[in-house]
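Asks: Got a structure here, written out as structure tokens. Questions coming.
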Amino acid sequence: MMSEYRNMGKGTLEMFFIIGGVFLLFQSMTPGMAWSDEEEIFYKKDLVFVEKTRSLVGMSVKYQIEVKKGGRDESLVRIQTIPVWSADSGTVEETLRFSPKEEPRGVDGSPAGDCLVATFWNRPEKQKHGHSSIACYSLTEHKWIWRDDWPNEFVDTARRVKFSSDGLKVIAIAISTLLCMTQRLEKSWRPLESH
Amino acid sequence: MSIRGSVLSPSGRYIVIWQELAPPGHHVWGRWIANKWVTVWDLQTRKQVARWRKPEYENECAAFTRDEKHILFGSVKGHIRIWSVEKQEVIRDWSLGFLGSVADMRFANDYRYLAVNLTGRDFLIRVYDYSNGKEIHSFEDVGAGAVGEPSPMTFFDGSDFLAFAKKKQVCVYDTKTWKEQWCVSSSTKSAD
């Protein structure tokens, strides 16, 4: 009888150590947060074909639940990317990622295939107002090669951007401004003002 | 006033701009101000070449014809109205028989194909023969894009392929057979 009690106590102790060990192992592997498996992907307004690289370029926004350590706090995180797929196979060739403070608003590829131009709405953390910008990503060098803020006189939310078919002009549009760029930000005007 | 949408002409010389659509039920004065004009601009001279009053509940999207003399406007009531830039009037009113919005349009195949993104209770992409208005193919149950936006789409390799976002995937279809070439749900590189 006594030995049965002793065995039961030993088993409980073992179980306690196993559970404790698993808990400690889990804690050491969790870097402070975890992502839930559930995610919602949406593809936003632009999907463009870049002939030279035979790529399809889109804009995706993914909502994922971030679970803080211990599983008590959850928050919805917006992850924004510009994915570049192979038009022939659908393989993801490259993914340009952005923080929630830098939202891609439009993207287009140059007919020559050397540049992706994208507009952004930027909202830096300690600034009251956001601002728009426009930037070019080199598909051959795999880096952002230039970036310009929207002209200072216009506080405006950038929207779509488009190359002309000859690749010589970029037209970027915001809520009330239209930028016509031949090199970089050289021309801008507010066509609606003349109404 | 704010720009709701704009489209470049095929040569890049012209741009059409239309203004913010006031929400339904908006105060009549607000709607009168917000819904006023469609303007066409010459980007070389930066001068306005045409302007007309925008019909209410119109202009979700637009597309220039190849000769840049006409502009197609999609409406929230399932119509495409074709405007003459020169005459500044509707030359054709084309009902697609769909209760919802014409949310996006893309020309291809030497301007023979017109892909139309329709959003309402259902989300469809229909491809029409623009020369006779006949439907060539319809993709049902495409799903919505991001909140309030149609699924993005594009033709490529001339008009051999049509790519569009379908629910949570991006898919490519061969326009000769209308068969799926590939569909992917991932937007991130696996090695990332």
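Asks: Evaluate the distance, in nm, between pseudo-label points positioned 7 Å from the Cα of A:LYS101 and of B:ASP141 along their respective Cα→Cβ axes.
Replies: 4.3 nm
Asks: Within 10 Å of each Cβ in B:167-174, how many Cβ atoms from other chains are there, averaged over the peptide?
Replies: Counting Cβ atoms of other protein chains within 10 Å of each residue's Cβ and averaging gives 4.
Asks: Between B:TRP37 and B:CYS183, what length comes free when the chain is fully extended (0.36 nm per residue of separation minus the Cα-Cα distance, one decimal in nm)?
Replies: Working it through step by step, the gained length comes to 48.5 nm.
Asks: In whole angstrom, note down how far apart the Cα centers of the range A:85-103 and the range B:35-95 are.
Replies: A separation of 34 Å, based on Cα centres.
Asks: Just to verify a number: FRET efficiency for A:HIS142 and A:SER75, C-beta to C-beta distance, R0 = 35 Å, to 0.05?
Replies: Once rounded, the FRET efficiency stands at 0.65.
Asks: Cα-Cα over 24 Å: which of A:LYS169/B:LYS166; B:LYS134/B:LYS176; A:LYS143/B:LYS179; B:LYS54/B:LYS87?
Replies: Over 24 Å apart, Cα to Cα: A:LYS169/B:LYS166; A:LYS143/B:LYS179.
Asks: Scan around B:TYR14 for amide H atoms under 5 Å from its own, H built in the peptide plane at 1.01 Å from N, and keep only partners 5 or more places away or cross-chain.
Replies: HN-HN under 5 Å from B:TYR14: B:SER9, B:LEU43.
Asks: Please sort by residue number the trypsin sites (Lys or Arg not before Pro) in the range B:92-179 whose DSSP state is loop and whose Cβ has at most 10 other Cβ atoms within 10 Å.
Replies: Passing both the DSSP loop test and the Cβ count: B:ARG121, B:LYS176, B:LYS179.
Rule-based calculations on the coordinates, nothing more; no lab input. Since we're looking at a predicted model, the values are computed, not measured. Here the Cβ is made from the backbone with ideal geometry for all residues, glycine too, and neighbour counts use every protein chain on show.
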